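Let me begin by presenting the structure, written as structure tokens, before commenting on it.
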């Protein structure tokens, strides 16, 4: 998916599911998939460095990413790439999910924008009893700095949650979590631990 692809989709192609607190959540059906793709659009206070700091702080995901029960860094390849493990808390009686993810940052200094790609990875962590491993996840953030302290976010993702959950239930609930996640992210960016941070790749010209 290229940075402009979200904007290139005809507006009627997406169904607006939620529009409140400045956060719009959309969904669309995909050919060959039982599960819908989700897209989120919003503007929030913050900087690209704050966002990178937050997502690089894997051990603190429980405080800043909705429904996270636990998380840990597996391997940091560089400032712009790392692998992590995450367990998501699901509502009773649904079994918790876990996943291994690869995250990559890509900065465009000319547009002052950031792409964050997240993809599920097999093989790094053995399957765990009592959890359902998410078999497939792909997500992309396209984030543009509007000014010194405001970000415009376009975020889309596709997920197969695994297990025996019926597709109609997954598709009904899927738009709810992204709204909650953006609220928590918006608040998380203001934590003192993410202020005044700098990253070499964000200063490249």
Study note, to complete from the structure: Distance in nm between residue 136 and residue 18 label points, each 7 Å along Cα→Cβ, equals 2.4
**Study point:** Fraction of beta bridges assigned by DSSP in the stretch 43-148 that are antiparallel (%, nearest 5)
**Key:** 95
Check your understanding: For the peptides 82-90, 66-74, what is the packing order when you average, over each peptide's residues, the other Cβ atoms within 10 Å and list the highest mean first?
Key -> 82-90, 66-74
Check your understanding: So, in nm, how far is label residue 75 from label residue 203 when the simple model puts each one 7 Å beyond its Cα toward the Cβ?
Key -> 2.9
Point to revise | Relative contact order (%) - the chain, alpha-carbon pairs under 8 angstrom, separation at least six | key: 24
Check your understanding: Taking Cα centroids, how far is the stretch 158-205 from the stretch 102-149 in Å?
Key -> 9
Point to revise | Gaussian network model of the chain, springs between alpha carbon atoms under 10 Å - residue of 129, 167, 63 with greatest fluctuation | key: 129
Study note, to complete from the structure: Packing-ranked peptide list from 109-117, 183-191, highest mean Cβ count within 10 angstrom first, is 183-191, 109-117
Practice item. Answer rounded, prolate or oblate for the chain, using the Cα gyration tensor with square roots of eigenvalues a ≥ b ≥ c: rounded when a/c is under 1.5, else prolate when a/b is larger than b/c, else oblate. Key: oblate
Practice item. Among 199, 105, rank each residue by its count of other Cβ atoms within 10 Å, from fewest to most, as a rough exposure measure. Key: 199, 105
Study note, to complete from the structure: A chain fully extended from residue 167 to residue 149 at 0.36 nm per residue, minus the present Cα-Cα distance, gains in nm 2.6 nm
Review point. Taking only DSSP H segments of four or more residues, each worth -39500 (n - 2.57), what value at 222 nm results for the chain once the sum is divided by all its residues, to the nearest 500 deg cm²/dmol?
Key: -4500 deg cm²/dmol
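Values in this text are rule-based calculations from the coordinates and carry no lab data. This structure is a prediction, so every number in the text was calculated from the model and none was measured. Note that we place each Cβ from the backbone using ideal geometry, even for glycine, and neighbour counts take in every protein chain shown.
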